[in-house]
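Take a look at the structure below.
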Amino acid sequence: MLKVGLTGGIASGKSLVGEMFLALGAHLIQSDKVAHELIRPGEAVYDKVVAEFGPGILNPDKTVNRARLAEEAFGGAGPSRIEQLNRLVHPAVIERENAWMEGLRHRDPHGIAMVEAALILEARAAGRFDRLVVVTCRPEQRISRWATRLEVDIETARREVARRMAAQLPDEEKVRAADYVIDNSGSLDETRKQVAEIHEKLRLEAGKMARNTKDRTESPRKKSGRQTGMH
């Protein structure tokens, strides 16, 4: 099984690209969704996050208001506390993702296990993966997409994107660390074509890796058989 990290800056289109890989047969888990599950009431991470950021981040039903949490984490009126939030949430996210990949390794040894996460490089977690795919786009597109997604004006989107990008590595550094880069600046068809080309390469790599693993597993048995025949 080939373990692939999928990352990129804010509003670059990681989720869109992840869904394209999924449609082609890759297995996909999204770190953001895992984190949301882990901050539900009853989870240990929920208790830690509320203790750190206070009851002001909660809705009346005691669920976490993610917009308020983001406001607290990315600065608000004070300094950014995103690293504090990451320290609380990331270890549990990684543990759940690793368990998912381990289960998948047994179910589909020839498969592609893809983890979509914004902060793979920032968290120094690239070593968890066999390959790293980075999604990029033009700066103005990030702002436009953010404005559309959150239904805010362009200037509000520009400030929020800049604030969040400050907690991420520049695209140039992400690209240098990548095995594959997808430029999501063009049309959906152009992005889909890049995804298809990269998926085929990953599929071939996954198959080769599975065969090599099988050969290593079987080799001691073959060696033992030859030795037995010589007695």
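Our summary of shape: the Cα atoms of region 1-98 have principal axis extents of 42, 28, 23 Å, ordered from largest down, in whole angstrom. Charged side chains reduced to their Cβ positions (Lys and Arg at +1, Asp and Glu at -1) give the chain a dipole of some 1060 debye around its Cα centre. Length gained on full extension, residue 200 to residue 68, computed as 0.36 nm times the residue gap minus the Cα-Cα distance: 43.4 nm.
So, in Å, what gap is there between the alpha-carbon centers of region 12-27 and region 158-173? Going from one Cα centre to the other spans 22 Å. Enclosing the Cα atoms of region 94-161 in their convex hull gives a volume equal to 129 cubic angstrom per residue.
Computed from the alpha carbon positions, the gyration tensor of region 2-218 leads to an equivalent ellipsoid with semi-axes of 31, 23, 14 Å, biggest first. Each residue of region 169-182 is assigned a 3J(HN,Hα), and the resulting list reads 5, x, 3, 4, 5, 4, 4, 4, 8, 7, 8, 9, 10, 10 Hz, derived from the Karplus form 6.51 cos²θ - 1.76 cosθ + 1.60 (θ = phi - 60°), x at Gly and Pro. What number does region 134-192 give for Rg over Rh if you use C-alpha atoms and the Kirkwood radius? Radius of gyration relative to Kirkwood radius: 1.01. Past the 25 Å Cα-Cα mark, which pairs from 48/174; 3/33; 3/174; 3/193; 33/174; 14/48? Flagged as over cut-off: 48/174; 14/48.
Dipole orientation for the chain: of the candidates 59, 10, 141, 10 has the Cα lying most toward the positive pole (charges on Cβ; Lys, Arg +1; Asp, Glu -1). Look at 87, 96 and count the other Cβ atoms within 10 Å of each Cβ; fewest to most, that gives 87, 96.
Any read-out appearing in this document is the output of simple, stated calculations on the displayed coordinates, not a laboratory observation. Just so it is clear, the model here is predicted, and its values are computed rather than measured. Quick reminder, even Gly has a Cβ in these numbers, built from the backbone with ideal geometry, and neighbours come from all protein chains shown.
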